[in-house]
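Chemist: Sharing a structure with you now.
Readers should treat all values here as calculations from the given coordinates under stated rules, not as data from a laboratory. Everything numeric in this text was worked out from a predicted model, so none of it was measured.
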């Protein structure tokens, strides 16, 4: 699988309608993933196999309060997609209403308790498997191959996108609905942003000293990366593959959540983010 997935997009029937779509030029952004080998063959095998954007509930749908200020949007794409947990109860309420209530509760906590201008993460996934837009301007930025700066990974907010999964996953995995939604969202984002799952999909503890996203969910990430890779490979055939060995940081003992919505460091000392 190559970082040039969006070079060809099949429209209409079969392969006859292939058109070239150029991604926005980002001269200041280093290449993501391995270099493309000259002569590499990438062949679309059908539009039906390409990832589609999952259903994402927008801020207006979950009745987000207005932010204190507009989020910063950078004219480049993120290079890492960080998986979090919300450090909340693993309850059995899976309704859409509960999902919307979760987003409102997180936004309220971030704005009142943390003093931020808005909710910190770009996306939230409920235990019922509903995906909500988080930080203001997130979907507008994603649709334009840009990056909205959130508050979710200290010292890494300007190049990473955060996805928080409702619950606490130290001893158990999220419900299957939530795992399915996480896989769909990450698959689409990797395709849309031209990211290699083995490199891009990481946990919060990969960049900060925290137990987030929980031991069990973190242990699941290699399986999730492979699943995403397989889904992307079904849409494209390539004759070039590469291996990637992940170095896991040694933070020593990892602190767990001190209270609800505490999933570790979110803003670095040098980051001017609220």
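Chemist: Need the full-extension length gain, residue 75 to residue 176, defined as separation in residues times 0.36 nm minus the C-alpha distance. One decimal, nm. Could you put the intermediate results ahead of the total?
Modeler: Working: separation 101, 0.36 × 101 = 36.36 nm, distance 3.50 nm.
So the extension gain works out to 32.9 nm.
Chemist: Dividing the Cα radius of gyration by the Kirkwood radius, what Rg/Rh value follows for region 51-233?
Modeler: Details: Rg = 14.8 Å, Rh = 16.1 Å.
Here the Rg-to-Rh quotient is 0.92.
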